[in-house]
Amino acid sequence: LAGGQAAVVADASSGPELDRIIGFLSAGDRIDFLHYKTPTIERRILRRMLLRNISDLGAYRQQLEDEPAEREALYRDVLIGVTRFFRDPSRSTALTKKVFPMLLDVEPEVPLRFWVPACSTGEEVYSLAILLVEYLTEKKLHRSVQIFGSDIKEDSIAFARTGIYPKTIEDMVSPERLRRFFTPAPGGRHSIARSIRELCVFVEHNVLKDPPFSRLDLISCSNLLIYLQPAAQKRALRFLHYALNPTGYLVLGTSETVGDRPDLSNRAAARSRW
């Protein structure tokens, strides 16, 4: 199996067949996969080929053309979201110890506006809302809050809007937070409390094509840039720069940087301040 994997990867990397598959996958859709790093798409194609017991890239391309179900399966694999509640404790600590105090010290009468692009099924958005509500409660502060979550996948946004998560989140969310910020749902699931849900707005949005949000105090952009080609990364960063207030903060994943954008380096909290 390992030898077969290596052979497919070598073949996928060597010829125009991969470009044809990527172009076919992008055709007629609002998502242009040519902006994505090729190795990421290669791995997803390899996975689907192994599952379908196909060793030839041309044969797999033909299957994509003949079977809409397989095309949809590959499409979903390429866009698979990786997220969970409170997945980075160091980030949570930095937000409550450093970022929130500075944001709340500026124009207290103006609502705070946060944005989580590529939010997948919403866990990071709700985690951010919970952290902020905990901080405001602890400090006995009152502030209007708007938190936007966006993603290019319509089904992910629909899931996030329901705010209902499986029992497995008990491994990520403390019993205290479950009691305070969730309510029981059928099947042992957990539903986000209304007080948290009302702070969050979820919309379908492509950060490379659609107009960005504006006047934002914080953008949490985790594990998006690492999947994009360099030119697409720069374009996304321009959008994020435009969306932030002068006093705003950009939060990046541990494997992401602002690259050659020195004007953003002082806002990239995940790198320069944490």
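The values are calculated or read from the model by the stated rules, or taken from the named source; none is laboratory data. These figures come from a predicted structure and were not determined experimentally. Neighbour counts are summed over all protein chains in view; Cβ atoms, including those assigned to glycine, are modelled from backbone coordinates with ideal geometry. Areas reflect the complete protein model, heavy atoms only, side chains present, ligands, DNA and RNA absent. Shrake-Rupley method; radii C 1.70, N 1.55, O 1.52, S 1.80 Å.
Here are the numbers for this structure:
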| item | result |
| --- | --- |
| Straight-distance crosslink candidates among aspartates and glutamates, where the alpha carbon sits under 13 Å from residue 234 and sequence neighbours closer than 8 are dropped | 256, 260, 263 |
| Sorted peptide list for 145-158, 201-214, criterion being average Cβ within 10 angstrom, highest first | 145-158, 201-214 |
| Highest to lowest packing among 181-188, 219-226, scored as the average C-beta count within 10 Å | 219-226, 181-188 |
| Reachable aspartates and glutamates, given that their alpha-carbon falls under 18 Å from the alpha-carbon of residue 167 and they are not under 8 places away in the same chain | 123, 124, 176 |
| Per residue convex hull volume, Cα atoms of the stretch 18-131, in Å³ | 144 Å³ |
| Set of lysines near residue 140 by C-alpha distance (under 20 Å), chain-local residues within fewer than 8 positions excluded | 97, 98 |
| With every protein chain in place, the stretch 72-118: carbon and sulfur % of accessible area (1.4 Å) | 56 percent |
| Protection proxy ranking of 116-122, 170-176 - average other beta-carbon atoms within 10 Å, highest first | 116-122, 170-176 |
